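Asker: Below is the structure I would like to discuss, written out as structure tokens.
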Amino acid sequence: MRSYRFFPCLFSCLALVAGCAGGSIDRINEARFHDGGGGQSCEVVARDGELIPASAPPYLGVAAREEPRLLWGKGYVIGPEDLLEITVFEVPELSKSVRVEGDGTINLPLLRDIKAKGKTAGVLQDEITELLEEKYLHDPQVSVFVKEYKSKKVFVVGAVNKPGSYPITKKVNTLIDFMSQAEGLTEEAGFTLFLIRAGASSDSTVYQISYQLKRGRGSAGMLAPPIVVDLHQLLERGDQSLNHYLQPGDIINIPPALPFFVTGEVQKPGQYSLTRDFTVLQVVHHAGGLTNMAWPRSVRIVRRDETGKKHRIHFNLSKLETGKAEDTFIQGGDLVVVPKNHFKAFMVGFIQFVGMVAGASFAI
């Protein structure tokens, strides 16, 4: 019911964009539209001249593949740990490379404790020029160049070999780049990556600020959900549409693989990790195959739903193998049960018993 209401809201947003085209939007503004039915309201947010419906369903997502526009060049905002190359032409004694301190300041010959944090290279260049001209030099020619971008960081956590924070640079700005910086995945890594976008900031382009739905008398609000990335699609199949560009403050979370359990008449029952997609047939093979006592016609998955209630899904392995039934993917927490064929077990036991009796009689 929500999805078709999104489109009138989107058309209203586009109309408002057209109305705002004559001016620039410097701060985040909010506007509300009503879709005319059900008491549901549509909230939009505006930034950099763009309006985004905040009440869009999460699965519609945002333009995550669009490269951030204000990270590099004249629009780049200096921060702690950035390395600046400052040149005063024809005065080499005043030229040097300097790293921005934790408090956001830099120290230069003749000049001390100049605040660089929060300024662009051009603004800092003009400020240094004014300070030198005021006290020491006539018409100094100053150049400020950002040599290393280290203040804009992304955080990599979870099942990687080297979790931590890593700076965004011109050459390191996508998911694969940062996964390489973190020295790849561990053996326990799952096949799902969660990209948690940073909140609104003054020095990056933010496409989605919030997600909010209002229905009838009640209301519920929530932050935009993380972007979910299938690592097999990205890493093994090379789907570059999933190789998102990163923004300052983003968090890459790669949780360990969820466990699932195999019990009953398999060669290697036990706990396994869901490091990739497994179907029922693949799980049985992964557990070493069936024993002679297995009953393949009555394999089942015991699965709990979100409320904790157990559900049983039954399978006939023979039909799965011949394609007469659809194989099913295993989920984290599933218990795969391969039951014993009690009639077969009874017959085998009976035959063994008869053999033992006959052997004893013959010996007598």
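Every number in this text was worked out from the coordinates using simple rules, so none of it is lab data. This is a predicted model, so every value here is computed, not measured. Note that each Cβ is placed from the backbone with ideal geometry, even for glycine, and that neighbours are counted across all protein chains shown.
Asker: Along Cα→Cβ, 7 Å out, is where each label goes; now give me the distance between the ones at Ser165 and Ala198 in nm to one decimal.
Answerer: In this crude label model, Ser165 to Ala198 measures out at 1.0 nm.
Asker: Still on this structure, I have one more. Taking amide H positions as placed 1.01 Å from N in the peptide plane, with prolines and chain starts having none, which residues 5 or more places from Arg99, or on another chain, fall under 5 Å of its amide H?
Answerer: Leu84
Asker: Show me the three semi-axes of the equivalent ellipsoid for segment 135-190, from the C-alpha gyration tensor (sqrt of 5 times each eigenvalue), largest first, rounded to whole Å.
Answerer: Semi-axes from the Cα gyration tensor: 39, 10, 6 Å.
Asker: What FRET efficiency do you get for Val172 and Ser143 if R0 is 25 Å and r is their Cβ-Cβ distance, rounded to the nearest 0.05?
Answerer: 0.50
Asker: Roughly what would the spin-label model give for Val91 and Asp277, points 7 Å off Cα along C-beta, in nm?
Answerer: 6.5
Asker: Could you rank the peptides 87-94, 133-140 by their average count of other C-beta atoms within 10 Å per residue, with the highest value first?
Answerer: 87-94, 133-140
Asker: Separate question: Give the Rg (one decimal place) followed by the Dmax (whole number) of segment 79-148, computed from C-alpha coordinates and expressed in Å.
Answerer: 11.0, 32
Asker: Take the alpha-carbon centre of segment 155-172, take the same for segment 247-322, and report the distance between them in whole Å.
Answerer: Rounded to whole Å, the Cα centres lie 32 Å apart.
Asker: Which value, in nm² and rounded to one decimal, describes the direction-averaged projected area of the C-alpha convex hull of segment 259-344?
Answerer: 5.7
Asker: Here's a follow-up. Quick one: if the Förster radius is 25 Å, what FRET efficiency do Leu258 and Lys319 give, using the C-beta to C-beta distance and rounding to 0.05?
Answerer: Efficiency at R0 = 25 Å is approximately 0.40.
Asker: Take Gln331, project a point 7 Å from its Cα along the Cβ direction, then tell me which residues of segment 235-261 have their backbone nitrogen under 18 Å from it.
Answerer: Counting backbone N atoms under 18 Å from the label point, the list is 257-261.
Asker: Before anything else, pin down the relative contact order of segment 79-148: Cα pairs under 8 Å, at least 6 apart, normalised by residue count, whole percent.
Answerer: About 38 percent, as a whole number.
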